[in-house]
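Enquirer: Input: one structure, supplied below.
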């Protein structure tokens, strides 16, 4: 078909070498030396028509290989449950606060260390898989971090997506924060009190970061603190002008200063907006994950490039880390699993 578009590949495309992931099939195309990636990307809409696809295929360089990847939906998609991944444990080279992001079309699991990022931006429309990803993140932190080594602050303006986490031992205060005013107060307290007290402890024990501090047997216990803010854009827009300014200031300063003391932000939103997810804030969010988004504009806010507007939903995601963008299928968690965890 590429030949019909005057883009013959350098060698025949071998369907036996295609990667068959849970939700997509990835074909590997070797271009001729005089062919450029934008030439084949410009034909994505034509490929959609000729292949009778419901979405535009994603076409991009395949990192670490000489191939261009052409990704189309799998006709019989499968879910990727989280529980088998948790049972296998964490690879040895992953740092503290390990997160299994998803599984690639070639079957490899993508891991990130939240402590190394040190903060994460997650975007995705309703039904995209964003909320289940956040659930899987919390379950992973619970199962894969030493007992008592991490606490959570959960801010849920929708009031329902995280209600099941009330009274979990990892949740600070045992309660999910649902009111915007309390969210503002909590973030400002973290900046004015928590950040200062943690900094003083590290300075007292001559440690440059929380990892060094936690290695000192004589130091008082001090867990990592993961702050999950869901529906960030809606939360910001619901605040009065003065409250909004204080809230955005607290989030921005925490993103800049909290890494060494072990405070890590996970900011999630259905509607990425460059006026709310500012460049200064985004520059401090070292991990970016985009599920299906409404437009290329939204995709660029999260990933700095188009692509998320053509994802399939239901856990199909793009993750950007250290400049590289990879496509994954996020792991699936059910509410029944969460209820069982609460009883454990």
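Enquirer: Exposure proxy check: 301, 261, 208 ranked by fewest other beta carbons within 10 Å?
Expert: Lowest to highest Cβ neighbour count: 208, 261, 301.
Enquirer: Also, quick follow-up: Express in nm, to one decimal, how much length is gained between residue 304 and residue 238 on full extension, taking 0.36 nm for each residue of separation and deducting their alpha carbon distance.
Expert: Separation in residues times 0.36 nm, less the Cα-Cα distance, equals 21.1 nm.
Enquirer: Separation between the residue 116 and residue 200 pseudo-spin-labels, each 7 Å from Cα along Cα→Cβ, expressed in nm?
Expert: Output for this residue pair reads 3.3 nm.
Enquirer: Taking a cut-off of 19 Å, what percent of all Cα-Cα pairs in segment 2-73 are separated by more than that?
Expert: Considering segment 2-73, 28 percent of its Cα-Cα pairs are separated by more than 19 Å.
Enquirer: So what's the gap between the Cα centers of segment 228-242 and segment 324-342, to the nearest angstrom?
Expert: 25 Å
Enquirer: In degrees from 0 to 90, rounded to the nearest 10, what is the angle of the helix 130-144 Cα long axis to the longest principal axis of the chain?
Expert: Approximately 60 degrees, to the nearest ten.
Enquirer: Then there's this: Using only the alpha-carbon atoms, how far is helix 241-257 inclined from the longest principal axis of the chain? Give it as 0 to 90 degrees, nearest 10.
Expert: 80 degrees
Enquirer: Now, a different point. Under the classification rounded if a/c is under 1.5, otherwise prolate if a/b is larger than b/c and oblate if not, where does segment 235-291 fall, given a ≥ b ≥ c as square roots of the Cα gyration tensor eigenvalues?
Expert: Note, shape of segment 235-291 comes out oblate.
Enquirer: Follow-up. Report the extension gain between residue 182 and residue 109 in nm, rounded to one decimal, defined as 0.36 nm multiplied by the number of residues separating them, less their alpha carbon distance.
Expert: 22.6 nm
Enquirer: What shape does segment 32-135 have by the C-alpha gyration tensor, where a ≥ b ≥ c are the square roots of the eigenvalues, rounded means a/c under 1.5, and otherwise prolate means a/b greater than b/c and oblate the rest?
Expert: prolate
Enquirer: Return 273, 336 ranked ascending by Cβ neighbour count within 10 Å, so the fewest neighbours appear first.
Expert: Sorted ascending by nearby Cβ count, the order is 336, 273.
Enquirer: Please work out the C-alpha center-to-center distance from segment 69-94 to segment 123-192 and express it in whole Å.
Expert: 23 Å
Enquirer: Which of 51, 154, 285 moves the most in a Gaussian network model of the chain with Cα springs under 10 Å?
Expert: Highest fluctuation among the options: 51.
Enquirer: With no solvent and one equal point scatterer placed on each C-alpha of segment 242-344, evaluate the Debye formula and give log10 I(q)/I(0) for q = 0.18, 0.21 Å⁻¹, two decimals.
Expert: For segment 242-344, the Cα-only Debye profile gives -0.97, -1.11.
Enquirer: Follow-up. For residue 280 and residue 335, calculate 0.36 nm times their separation in residues minus their Cα-Cα distance, and state this gained length in nm to one decimal.
Expert: 16.2 nm
Enquirer: List the equivalent ellipsoid semi-axes of the chain in whole Å, largest first, each obtained as the square root of 5λ for an eigenvalue λ of the Cα gyration tensor.
Expert: Over the Cα atoms of the chain, the semi-axes work out to 38, 21, 19 Å.
Enquirer: Any idea how far apart residue 41 and residue 215 come out in nm if each label point goes 7 Å out from Cα toward Cβ?
Expert: It works out to 4.2 nm between the two label points.
Enquirer: Still on this model: Compute the acute angle (0 to 90°) between the alpha-carbon long axis of helix 180-189 and the principal axis of greatest extent of the alpha-carbon atoms of the chain; round to the nearest 10°.
Expert: That works out to roughly 70 degrees.
Enquirer: If you restrict to DSSP beta bridges whose two residues both lie in segment 82-343, what percentage is antiparallel, to the nearest 5?
Expert: 45 percent
Enquirer: Continuing with the same structure: Sorted from fewest to most neighbouring beta carbons within 10 Å, what does the list 67, 331, 133 look like?
Expert: The most exposed by this proxy come first: 67, 133, 331.
Every number here is computed from the coordinates shown, using simple stated rules; none is lab data. Note that the structure is predicted; figures quoted are calculated from it, not measured. Here Cβ is always computed from backbone atoms with ideal geometry, including for glycine, and neighbour counts include all displayed protein chains.
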